[in-house]
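Below you'll find the structure, written out as structure tokens, and then a few comments.
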Amino acid sequence: MEPDQQHSPGFSSCWSETGFNLGSRLLVLKGEPSEIVIHCLKEWNINKLCFEFDTEPYYQALDDKIKSYASLVGIEIFSPVSHTLFNPAEIIQKNGGTPPLSYQSFIKVAGQPSWSSSCLSTSLSCLPPPGNLGSCTISEVPSLNDLGYEESEEQDERTPIRGGESEALRRLSESIADKDWVANFEKPKGDPSAFLKPATTVLSPYLKFGCLSPRYFYQCIQEVQKNVKRHTSPPVSLLGQLLWRDFFYTVAFGTPNFDKMRGNRICKQIPWDSNDELLAAWRDARTGFPWIDAIMVQLRKWGWMHHLARHCVACFLTRGDLYVHWEKGRDVFERLLVDSDWAINNGNWLWLSCSSFFYQYNRIYSPISFGKKYDPNGNYIRHFLPVLKDMPKEYIYEPWCAPLSIQTKAKCIIGKDYPKPVVSHDSASKECRRRLAEAYELNKKQNGTVSEEDLKKLRRKLEEDKIQESKSKRLKQKSIG
Ligand code: FAD
């Protein structure tokens, strides 16, 4: 906000550290956001309000309320697009009114960002000081408890990811200092089990919270690429990762009900199960599959996991094994990720559940052999699931296969110290493929107009088929016996 007189309070959107250095400070106000902001606008006699344009529906609604108040009383608004590389509205317009639905078409429409070869300003000169705050009550920065998270004393491992702009810039310069690493970056080749030195930049939380500008990040990568002989390209390159971010922001902005299955025109309608027990086992790292459980522990402790690790657990929960609704998994990620981002999280859950963007539901990540490829000794599992630390490497991905003598020696009895698998991967994944095939068939037949009744019917049919199948299996076994 820009005050109209010297003693009105200035409002810094920067981190408090930066705000202090520039002669201002962060002001935390509690309450219903639009009411609070409108109250401050009146109280502080504001004549110009500056805020970053936001594409998320919740903030769009909030911004709309504030903008209509501002226009009513003649407050000037400055709300630039700067959280993304491109302006999502412009991309949608260039694409004929709807967002491009594939990465390749997105890149084609987007082209080069207009600012990519100009010098971005990286320094601020000053900010107006906070003046007389009137009747507005300034609160402390909320604690984890205030935000509804438990601050457990017993927590043995906390996230190594520290907040703030200085930390973001430190991490960025550490990443781009290794020019070969940037030039050869190929996302699918990264090791999802690397946790002492993660295989990617771990800059997502900083991008999410505005501690790092994606445009500055883009220019830094571009600078490295200019000075090397050869470099990788999108979608797998580091620059390509930032484009994925913009891709999801654009589709999310242009798709009503993007965060839901119902009413979302780009989402396949699938009669998912709502099995709370399986969901809880997945959420609480009790599936009995060490690779999956270790990832879920990393999520709870660090709030961050490698992209392919996220792939594995999201696929496992939905179309791979448990057949639980992707919205349920999305909610767990939303709460626990430190980089939790509305557009990116929903976009990737749609992708991984084969509800949108990606449709090869036959390609399922094995919760046993996928992690083994990268980490045959199971160091990642041993770290995040210490109960399995003494399990021999032959059994670390399938401890239920270990003979009892080995379980006893490893001080980990399966079914007592660590759970038995909640499903058999072979039969669960086969069943998931069958269900997805039927759901896809229904979507094709109904040409995108699947009703609640259609889904109910299909759910009933799938359940009946399952009962029939197990009956005939039993009969077959009896006749063999
Ligand atoms: P790097 O590989 O170093 O990439 C640099 C930046 O590019 C990232 O920080 C991120 O902003 C962007 N990026 C990379 N991959 C993707 C992608 N697939 N989609 C969109 N942007 C990408 N990322 C989030 O930031 N927030 C989320 O809430 C989120 N939820 C996810 C949920 C699921 C089910 C899956 C499979 C992925 C999710 N991702 C999410 C995407 C991705 O896993 C993370 O962005 C990435 O792992 C962050 O690590 P990094 O910063 O080291 O990535």
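The values are calculated or read from the model by the stated rules, or taken from the named source; none is laboratory data. Source: prediction; values computed, not measured. We place every Cβ from the backbone using ideal geometry, glycine too, and count neighbours over all the protein chains shown. For accessibility, only protein heavy atoms count, side chains too; no ligands or nucleic acids. Shrake-Rupley method; radii C 1.70, N 1.55, O 1.52, S 1.80 Å.
Among residues belonging to the range 344-371 that are under 14 Å from residue 267 (Cβ atoms) and of a type in the set (Gly, Ala, Ser), point out the one that is nearest to the ligand (Cβ to nearest atom).
Filtering the range 344-371 for residues that are under 14 Å from residue 267 (Cβ atoms) and of a type in the set (Gly, Ala, Ser), the one nearest to the ligand (Cβ to nearest atom) comes out as 347.
Go through (1) under 30 Å from residue 117 (Cα atoms); (2) surrounded by 11 or more Cβ atoms within 10 Å (Cβ to Cβ); (3) not aliphatic (A, V, I, L, M) for residue 139 and report which single condition fails.
Checking residue 139 against (1) under 30 Å from residue 117 (Cα atoms); (2) surrounded by 11 or more Cβ atoms within 10 Å (Cβ to Cβ); (3) not aliphatic (A, V, I, L, M), the one that fails is (1).
Would you check if residue 196 is exposed (fewer than 15 other Cβ atoms within 10 Å of the Cβ) and away from the ligand (no atom under 14 Å from the Cβ)?
Considered against the rule, which asks whether it is exposed (fewer than 15 other Cβ atoms within 10 Å of the Cβ) and away from the ligand (no atom under 14 Å from the Cβ), residue 196 comes out as yes.
Given the criterion within 14 Å of the ligand (Cβ to nearest atom), surrounded by 12 or more Cβ atoms within 10 Å (Cβ to Cβ) and either over 21 Å from residue 348 (Cβ atoms) or of a type outside the set (A, V, I, L, M, F, W, C) (or both), identify the matching residue among 234, 188.
That would be 234, the only listed residue that is within 14 Å of the ligand (Cβ to nearest atom), surrounded by 12 or more Cβ atoms within 10 Å (Cβ to Cβ) and either over 21 Å from residue 348 (Cβ atoms) or of a type outside the set (A, V, I, L, M, F, W, C) (or both).
If you go through the range 210-224 one residue at a time, do you hit one that is open to solvent by 70 Å² or more (accessible area, probe 1.4 Å), of a type outside the set (A, V, I, L, M) and away from the ligand (no atom under 11 Å from the Cβ)?
yes
Taking the range 344-364 on its own, how many of its residues are in contact (Cβ under 8 Å) with a residue 24 or more places away in the chain, part of a loop (DSSP other than H, G, I, E, B) and within 19 Å of residue 423 (Cβ to Cβ)?
Qualifying residue count for the region: 5.
Just to be sure, is residue 374 under 29 Å from residue 326 (Cα atoms), in contact with an Asp or Glu (Cβ under 9 Å, 6 or more places away or on another chain) and aromatic (Phe, Trp, Tyr)?
Answer is yes for this residue.
Do we find that residue 156 is under 19 Å from residue 224 (Cβ atoms), open to solvent by 70 Å² or more (accessible area, probe 1.4 Å) and either of a type outside the set (Lys, Arg) or within 16 Å of the ligand (Cβ to nearest atom) (or both) in this structure?
In short, no.
Which condition number does residue 437 fail, the rest of (1) in contact (Cβ under 8 Å) with a residue 40 or more places away in the chain; (2) touching a helix residue (DSSP H, G or I) at 6+ places or on another chain (Cβ under 6 Å) being met?
Here residue 437 meets the rest and fails (2).
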